[in-house]
Amino acid sequence: MAGASNNVHRSIVTTESRSVRWLLTGLALLFIALFLVVPLASVFYEALRKGFGLYFQALVEPDALSAVKLTLIAALISVPLNLVFGVAAAWAIAKFEFRGKSVLITLIDLPFSVSPVVAGLIYVLMVGAQGWWGPWLIEHDIKIIFAIPGIVLATVFVTFPFVARELIPLMEAQGSEEEQAAMTLGASGWQTFWRVTLPNIKWGLLYGVILANARAMGEFGAVSVVSGHIRGETNTIPLHVEILYNEYNFVGAFACASLLALLALVTLALKSFVEWRAEKQAEAARRDATE
Amino acid sequence: MRRGFNPSLLPPHPSQGNPMSIEIKNINKRFGDFTALDNLNLDIASGELLALLGPSGCGKTTLLRIIAGLETPDQGQILFHGEDATDTHVRERQVGFVFQHYALFRHMTVFENVAFGLRVRPKKTRPTEAVIKKKVHDLLGLVQLDWLADRYPAQLSGGQRQRIALARALAVEPRVLLLDEPFGALDTKVRKELRRWLRRLHDEMHITSVFVTHDQEEALEVADRVVVMNKGKIEQIGTPEQVYDTPETPFVYQFLGDVNLFHSRVHEGWAEIGGARIEAPNSPNETTATVYVRPHEIDLSRDASDSAIAGVITHIRLLGATVRLEVEVAGHEAVEVELTRERYQDGAWRVGDPVWLNPREARVYTAG
Ligand SMILES: Nc1ncnc2c1ncn2[C@@H]1O[C@H](COP(=O)(O)OP(=O)(O)OP(=O)(O)O)[C@@H](O)[C@H]1O
Ligand SMILES: [Mg+2]
């Protein structure tokens, strides 16, 4: 019983009293329930309120399908682009010293610090009909704003930092000695990247990709500005949800919203798993670095 | 217990009998305003085991990395076997580099780490899987760690990682082996064992090797020749005996072992320290001089003498086989004297005893 009394002793010394702990934990749980669980559950509740039949009908309706398709296209283009860019930027920043490095790091963060609406407006300003390059684009019959390319551009912009942000600290912790060792052993730059660098960052990379993907599919503000909301043509899922909602088509709106909610849940599950693996990799890097 | 070294496990080595010489000519290297290597020249004979010895920050790693091609010199040339290799890429230099912190590939097993250099070869020269397997196991046998083939680097001890890093470097049959503080991160006992092992390995393979250390004992024990470096320059090159017995500069004298310093003036070929006269035949007359005397090169006597340094024993420390006495001398810092256990007992020295010190050996360096 000595152990038990020790525990009691310690808890009295190092933690708040029981009532305070209960109060704080309770408050936190209440908050989570009110602001996260209830809304999430209500999405599915509203979507299914009039039965499964109507729910599925709302999802396979042509405009909804077109929104899903466009969302997938935007994600399929922007995520790989950001993956390549993110790896290249993180690699340059973490493994080399060069002038303007801190400027580059700040630039990468720009999409995080600027409102998505502003991001959208920037594209309108540049490539819109009245924009800088507008006349030239019209002349050559290239449509960007109020068309799919604009949506992809806006999505690329807002998801820009995810992969790079995730990789920079990881690669900095790992240093470049393993790459140097690979080179002394005769590996080419390409071999070094595929066999040494990439395996060392794969979990962090996947984590960044999952976050970028979630953002790409869920983005509203920037996409809204450049989309023009043409039904069946330039609507992504979030935009489609808004239109349906404004038309008081609640089943349709919530049915599409439930897709996004589902995406969020899947992302969360994947993220937790990858986070766990990435943490292990980062920990190993730190351990190696301090030895 | 670690098993003994077994030379019969050695793989045949193509560089055997054909080791490489390295010439380093007028190498300069700066980092910003800081001069890391200052017009450095060094010839490394083929097949020798050379130690780069010097204090932290003196440029040892930088020099080693320049030889490897991991760093480019601002000026100067590196010749491998008489051929200019200054612009040769690391990949083509065929050097084995063992990093201070091993730099093992953390996501690969020990086996894959050692096999790496063979697997990345171009298709034409890449050995078959069976050959790779045999070769890796031979090398793991050579470093006596065959039983660890399936482990990951994180699951190894420091000494084991060190030997795996060595095996990995040897797998590509390098023409030169470069080791950066190979035993730096290990405890004294393992380090002593490993450096003897490295020496035997070198005697078998005869591969031109350069290793960096800031441990003078390690350099003196293992190397054929020692290069003492300081502030990006070479102070002295020589066999361990040469640098230890006839240090050419005060720095080398001080860096290799403990030393007592006396400030003095040279007067007609003699430097005087507290009564003791030291011969300084080659020093210009009436110049300030510093006299260096090693603690074990001082005799103690109870007999007062005009030609000895008078002092009083203030501390006695027993260090295993030797005894260190600290002697207070008027007008000087405390002088350290080292005696063998027997001589200390014969003299029956006590703290507080007055003594007269007589340097048996000394070196005089005049200023400038
Ligand atoms: N990439 C770098 N950028 C700036 N300074 C550097 C760089 N690499 C080395 N230096 C500087 O050059 C000097 C020599 O470094 P080097 O690593 O060669 O020393 P060292 O003799 O190996 O020291 P140690 O025994 O501590 O490893 C040091 O003062 C170091 O700060
Ligand atoms: Mg170093």
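Using a 7 Å offset from the Cα along the Cα-to-Cβ direction at both residue A:28 and residue B:187, what is the distance between the two label points in nm, to one decimal?
It is 4.1 nm.
Only Lys, Arg, Asp and Glu count, each charged at its Cβ (+1, +1, -1, -1), so figure out the dipole size of the protein assembly as shown about its Cα centre, rounded to 20 debye. Could you put the intermediate results ahead of the total?
Details: 64 positive and 72 negative charges, 557 e Å.
So the magnitude is around 2680 debye.
Work out, step by step, the length gained on full extension between residue A:231 and residue A:40: first 0.36 nm times the residue separation, then minus their alpha carbon distance; give nm to one decimal.
Details: separation 191, 0.36 × 191 = 68.76 nm, distance 2.61 nm.
That works out to 66.2 nm of additional length.
Percent relative contact order of chain B, based on C-alpha pairs within less than 8 angstrom and at least six residues apart? Display every interim value, and only then the final one.
Values: 738 pairs, mean separation 60.0, N = 368.
Value for chain B: 16 percent.
Taking a virtual spin label 7 Å from the Cα of residue B:330 along the C-beta vector, which residues in region B:285-308 bring their backbone nitrogen under 16 Å of it?
Hits in region B:285-308 for residue B:330 at 16 Å: B:304-308.
Set Lys and Arg Cβ to +1 and Asp and Glu Cβ to -1, take the dipole of chain B about its Cα centre, and tell me which of B:330, B:140, B:354 lies farthest positive.
The residue sitting farthest along the positive end of the dipole is B:140.
Rounded to the nearest 100 Å², what is the sum over both chains of accessible area buried where A meets B, with a probe of 1.4 Å?
Values: alone 17380 and 18090 Å², together 33290 Å².
For A against B, buried area totals roughly 2200 Å².
Listed highest first by mean packing, meaning other Cβ atoms within 10 Å per residue, what order do A:257-265, B:166-174, A:90-98 come in?
Details: A:257-265: 17.2, B:166-174: 23.4, A:90-98: 15.1.
The packing order, highest mean first, is B:166-174, A:257-265, A:90-98.
Which peptide among A:25-32, B:140-147 comes first, and what is the full order, when sorted by highest mean count of other Cβ atoms within 10 Å?
On the way: A:25-32: 10.2, B:140-147: 18.6.
Taking the mean over residues of other Cβ atoms within 10 Å, the ranking is B:140-147, A:25-32.
Which value, in Å², gives the accessible area per residue of the protein assembly as shown when a 1.4 Å probe is used on the protein heavy atoms? It would help to have the intermediate numbers written out before the result.
Numbers: 33290 Å² over 659 residues.
Per-residue value: 51 Å².
Picking from B:117, B:174, B:206, whose Cα lies most toward the positive end of the charge dipole for region B:7-252 (charges on Cβ: Lys, Arg +1; Asp, Glu -1)?
In region B:7-252, that residue is B:117.
Quick one: among A:35, A:56, A:160, which has the greatest mean-square fluctuation in a GNM of chain A with alpha-carbon springs under 10 angstrom?
In this elastic network of chain A, the residue with the biggest mean-square fluctuation among A:35, A:56, A:160 is A:35.
Work out which residues of region A:192-241 lose at minimum 40 square angstrom of accessible surface when the other protein chains are put back, relative to the chain isolated, with a 1.4 angstrom probe, and list them by number.
A:195
Kindly work out what percent of the DSSP beta bridges joining two residues of region B:155-276 are antiparallel, to the nearest 5. Don't skip to the answer; put the middle values down first.
Details: 8 of 13 bridges.
Approximately 60 percent, going by the DSSP bridge assignments.
Considering Cα pairs under 8 angstrom that are at least six residues apart, work out the relative contact order of chain A and quote it in whole percent.
Values: 337 pairs, mean separation 83.7, N = 291.
The value is 29 percent.
Out of the DSSP beta bridges found with both residues in the protein assembly as shown, what percent are antiparallel (nearest 5)?
On the way: 57 of 75 bridges.
Close to 75 percent.
Let me confirm one metric for peptide B:169-180, namely the mean number of other chain beta-carbon atoms within 10 Å of its residues' beta-carbons.
What the average comes to for B:169-180 is 1.
What's the ranking of B:209-215, B:50-56, A:74-80 by average number of surrounding C-beta atoms within 10 Å, highest first?
Values: B:209-215: 23.3, B:50-56: 21.7, A:74-80: 20.0.
Highest to lowest by the protection proxy: B:209-215, B:50-56, A:74-80.
Where in region B:87-115 does the amide nitrogen come within less than 19 Å of the point 7 Å from the Cα of residue B:151, taken along Cα to Cβ?
Inside the label zone: B:99, B:101-115.
Along each principal axis of its Cα atoms, how long is region B:7-252 end to end? Whole angstroms, biggest number first, please.
Ordered largest first, region B:7-252 gives principal extents of 54, 41, 36 Å.
Using a 1.4 angstrom probe on protein heavy atoms only, which residues from region B:81-105 are buried by at least 50 Å² of accessible area when all chains are present rather than their own chain alone?
Correct list: B:91, B:99, B:105.
Treat each spin label as a single point 7 Å out from the Cα along the C-beta direction, and report the residue A:276 to residue A:106 distance in nm.
4.1 nm
Within the set B:25/B:60; A:143/A:271; A:69/A:280; B:60/B:192; B:60/B:189; B:29/B:123, which residue pairs have Cα atoms separated by over 26 Å?
Pairs exceeding the cut-off: A:143/A:271; A:69/A:280; B:29/B:123.
How big is the charge dipole of region B:7-252 about its Cα centre, in debye rounded to the nearest 20, if each Lys and Arg gets +1 on its Cβ and each Asp and Glu gets -1 on its Cβ? Spell out each step's value before the answer.
On the way: 31 positive and 32 negative charges, 242 e Å.
Once rounded to the nearest 20, the dipole reads 1160 debye.
What distance in nm separates the simple spin-label points at residue B:133 and residue B:307, each placed 7 Å from Cα in the Cβ direction?
Between residue B:133 and residue B:307, the simple spin-label model gives 7.8 nm.
Leaving ligands, DNA and RNA out of it, report the carbon-plus-sulfur percent of the accessible area of region B:307-368 at a 1.4 Å probe. Don't skip to the answer; put the middle values down first.
On the way: 1680 of 3500 Å².
Ligands and nucleic acids excluded, carbon and sulfur give 48 percent.
What is the mean number of Cβ atoms from other protein chains located within 10 Å of the Cβ atom of each residue in peptide A:175-182, rounded to a whole number? Present the calculation step by step, with values, prior to reporting the outcome.
On the way: counts 2, 2, 8, 8, 2, 8, 14, 7.
Going residue by residue through A:175-182 and averaging, the value is 6.
The values are calculated or read from the model by the stated rules, or taken from the named source; none is laboratory data. Just so it is clear, the model here is predicted, and its values are computed rather than measured. For neighbour counting, all protein chains shown are included, and Cβ atoms are generated from backbone atoms with ideal geometry for every residue, glycine included. Accessible surface is based on the protein model in full, side chains and every heavy atom, while ligands, DNA and RNA are left aside. Shrake-Rupley method; radii C 1.70, N 1.55, O 1.52, S 1.80 Å.
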